[in-house]
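Engineer: Please see the structure below; I have some questions.
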Amino acid sequence: MIILDNVSKTYDYQVALSNISLTVEKGEMAFVTGPSGAGKTTLFKLLYLAEKPDEGTLTIAGFNAADLKDSAIPYLRRNIGVVFQDFKLLNNKTVYDNIALALRIRGIVEREIKERVHSVLKMVNLRHKADSYPLTLSGGEQQRITIARSIVGEPTVMLADEPTGNLDEENEKEIMKIFKHINNKGTTILIATHNRALFENTAKRVFLLEGGRLVKGEEK
Amino acid sequence: MFSLRLALQSIFKEKWMNILSMLSIGVMLFILISVAIVVYNVEMLTAQLPERLTLVVLLKEDVEGEEIKAIQTAIRADQTVKSITFVSKEKALEDLKKVFKKDDFILKGFGENPLFDSFDVRLKSEGVKKDEVKRLIQNIKSIHGVDDVEYGEALMDSIYALKGGLRALGLSIGIIFVCSVTFICYATVKILFYRHKDEIEIYKLLGATRWFVRVPFFMEGSIIGLLGGAIGSGMLLGFYSYFIKKLMVDIPMFTIISIPMQFLYMLPVFGLFLGLGGAVLALGRLKY
Ligand SMILES: Nc1ncnc2c1ncn2[C@@H]1O[C@H](COP(=O)(O)OP(=O)(O)O)[C@@H](O)[C@H]1O
Ligand SMILES: [Mg+2]
């Protein structure tokens, strides 16, 4: 579950979010949309605590994110799978090692890591790319690797920032299929996108941001 | 274990910088340990100094029998005195004759024995301070029947002064080099840390704890320090077997130099701790 209550964030002089209140239910799949610069990425950064809000309270995956102790941040992040807008893959490590990293930092034994990494690679249809390096892969493939890494730790909440950013329709469909599959297993998913096609024909909740304000938080 | 692998990987990736750091640490620790050895040797040699020093207590001419016994008892009572031997003026003359051997005509010129009765006083070796020796001498001088006390005052003073100076010098060099070694480790780890900054950012975003991020760098610092120390030990060993041993053969005086071999093991351990210290300083304030 994700709850924001009156959250505001200003970078130096640039207001990124002002007075945002929204709720995403447990197990729900919802969308955040709006033009570039509307504050979508900032909203996500507040949720995985890369930034602190100036005002307001945030609750995510059972953590009160607004006043969490620094030492608790890693444990919050392990409960959130993030698909970063810029992927954040380690280009000097193989696909396998990139995904395994999310488990290694938790101190899980290599045997179990191997099993789980192969299982998520299968889910995103990239088993044959385990030993490749990220830069040798296409954009859609890198996107799927990032998704695989975000779910390998079995988070309760998933945040996907522009997961279909500049992909063709084929890849787009593929990725939405993966998300639906994950969501069906009970994971709460919040997707930021400026691509209306992703949610136009669904009954999902869509939050529309414009210039840092929540213009619409409708049930469609 | 994953941390150790990360640490080793990162050391190999930047091997030239790391080798350079290790070499400088090795050289510094070698100099440091050499200074320690010099100080150690001087301490060892001078520790026995009071024992080697013999006070000669000269008695007045008219002191005899019972009075001599009383003086002897009084001196022996002092806690710094190890032993006291009476040397009659006849014995003293005999000794002198032995020294001059064939040239004893020099002594014959004196006719009657010109020497005085005396005591040889030996001091305990440990814990006898310069001030206590001075106090002892004052006490003995004040005993009735004692004419004078002779001892190598000037020699002792200068040795003590030298020792004090050497200690201070050793300590300052020690502090400077300990700081330098720590600083090299600090700088090396800091550079390694910045080279991996993006990677560390990703680790943190995936939920790595602060410890998980820092431990590989602590290990790196320790390994660099450890290997630096090992290089220092190697240099010490090489220096010892090629240089000092030769000197010992050529100049007998050098045989009294001792190099405690524990230093060889201590140096890498010492390096390890300095390396760890430098790494802790470098990453101590890692923020989330
Ligand atoms: N680190 C930052 N420092 C200063 N301004 C920022 C920073 N990150 C984002 N912004 C600004 O905040 C606003 C919202 O940005 P962002 O959340 O990235 O929007 P979106 O993801 O919807 O495109 C923009 O005007 C952007 O320029
Ligand atoms: Mg964005």
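The values are calculated or read from the model by the stated rules, or taken from the named source; none is laboratory data. The shown structure was predicted, so the numbers you read here are calculated from the model rather than taken from an experiment. Every residue, glycine as well, gets a Cβ built from its backbone with ideal geometry; the counts of neighbours run over all protein chains shown. Surface accessibility is based on the protein's heavy atoms, side chains included, excluding ligands, DNA and RNA. Shrake-Rupley method; radii C 1.70, N 1.55, O 1.52, S 1.80 Å.
Engineer: Under the 0.36 nm per residue contour assumption, what length would be gained going from the current alpha-carbon distance of A:Asn166 and A:Asp131 to full extension?
Structural biologist: Length difference between fully extended and current span is 10.1 nm.
Engineer: Would you tell me the mean number of C-beta atoms belonging to other protein chains that fall within 10 Å of each C-beta in B:207-218, as a whole number?
Structural biologist: If you average over the peptide's residues, the count of other-chain Cβ atoms is 4.
Engineer: I'm a student and want to see the number: the projected area of the Cα convex hull of segment A:5-145, averaged over all directions, in nm².
Structural biologist: 10.2 nm²
Engineer: Continuing with the same structure: Just checking the output field for B:194-206: average partner chain Cβ neighbours within 10 Å of each residue's Cβ?
Structural biologist: 5
Engineer: Can I ask one more? What pairs from B:Lys82/B:Lys246; A:Lys122/A:Lys216; A:Lys122/A:Lys204 go past 29 Å between their alpha carbons?
Structural biologist: B:Lys82/B:Lys246; A:Lys122/A:Lys216
Engineer: Shifting gears a bit: State log₁₀ I(q)/I(0) for the protein assembly as shown at q = 0.06, 0.07, 0.08 Å⁻¹ as given by the Debye formula over alpha-carbon point scatterers of equal weight, solvent excluded.
Structural biologist: Relative scattering, expressed as log10 I(q)/I(0), comes to -0.54, -0.62, -0.69.
Engineer: Follow-up question, since we're still on this one. Using a simple spin-label model with points 7 Å from Cα along the Cα→Cβ vector, what separation in nm is obtained for B:Ser172 and B:Tyr265?
Structural biologist: Rounded to a tenth, the inter-label distance reads 3.5 nm.
Engineer: Dividing the convex hull volume of the alpha carbon atoms of segment B:127-242 by its residue count, what do you get in Å³ per residue?
Structural biologist: 170 Å³
Engineer: Another question, if that's okay. Rounded to the nearest 0.05, what FRET efficiency do B:Cys179 and B:Val38 give with R0 = 22 Å and r taken as the Cβ-Cβ distance? Could you check?
Structural biologist: For B:Cys179 and B:Val38, the calculated efficiency is 0.65.
Engineer: Take each of the peptides B:217-224, B:163-170, average the number of other beta-carbon atoms within 10 Å over its residues, and list them starting from the highest.
Structural biologist: B:217-224, B:163-170
Engineer: Right, next: Please give the per residue accessible area of the protein assembly as shown, computed with a probe of 1.4 Å over protein heavy atoms only, in Å².
Structural biologist: It amounts to 52 Å² per residue over the protein assembly as shown.
Engineer: What relative contact order, as a whole-number percentage, does segment A:1-108 give when Cα pairs under 8 Å and 6 or more residues apart are counted?
Structural biologist: Rounded, it is 24 percent for segment A:1-108.
Engineer: Grab the beta carbon distance between B:Tyr160 and A:Lys52, set R0 = 60 Å, and tell me the FRET efficiency rounded to 0.05.
Structural biologist: Efficiency at R0 = 60 Å is approximately 0.40.
Engineer: Another question, then. Add -39500 (n - 2.57) for each DSSP H run of 4 or more in the protein assembly as shown, then divide by its residues: what number comes out at 222 nm, to the nearest 500 deg cm²/dmol?
Structural biologist: -17000 deg cm²/dmol
Engineer: Can you figure out the FRET efficiency of B:Ile191 with B:Lys246, using R₀ = 45 Å and their beta-carbon distance, to the nearest 0.05?
Structural biologist: 0.65
Engineer: I need the peptides B:225-232, A:171-178 ranked by packing, meaning the mean over residues of other C-beta atoms within 10 angstrom, with the highest value on top.
Structural biologist: Ranked by mean Cβ neighbours within 10 Å, highest first: B:225-232, A:171-178.
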